[in-house]
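Remarks on the structure that follows.
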């Protein structure tokens, strides 16, 4: 049997058994970078724009933003237009919930079945 190496630590934050932050208030850009590393992602400027938008949405509305709000942000504010949906899933290839929400420090949205 091959030993699976442990996932990189997330400095200053506790994660649940799926890798989501236990307390979303523990999120920082350092934490996000560590979570992205655990997912095998190298964060680009566009990743950071999405993550900051998601955090701002959470702060303002006290809700996890649905993917459609992020797609609208990418289409309008990031200037991607009709390519926004595809680009979101290129940025986070294992899905919005599994990667974007996790790296943005959200708790796993239990009611969503996709991503």
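Readers should treat all values here as calculations from the given coordinates under stated rules, not as data from a laboratory. Source: prediction; values computed, not measured. Positions of Cβ are generated from backbone atoms using ideal geometry, with glycine treated the same way; all protein chains shown enter the neighbour counts.
Couple of notes before you dig in:
- Degrees between helix 67-76 axis and first principal axis of the chain (Cα, 0 to 90, nearest 10): 50 degrees
- For the chain, the Cα gyration tensor yields ellipsoid semi-axes of 23, 16, 13 Å (square root of five times each eigenvalue, largest first, whole Å).
- The packing ranking, built from the mean of other Cβ atoms within 10 Å per residue, places the peptides 53-65, 28-40 in the order 28-40, 53-65, highest first.
- What the Kirkwood sum gives for the stretch 34-94 is a hydrodynamic radius of 12.0 Å, with every pair of different alpha carbons counted.
- Ascending count of other beta-carbon atoms within 10 Å, so fewest first, for 71, 103: 71, 103
- Whole-angstrom gap from the stretch 15-31 to the stretch 38-115, using each part's C-alpha centre: 15 Å
- Order of 20, 94 - criterion: other Cβ atoms within 10 Å of each residue's Cβ, fewest first: 94, 20
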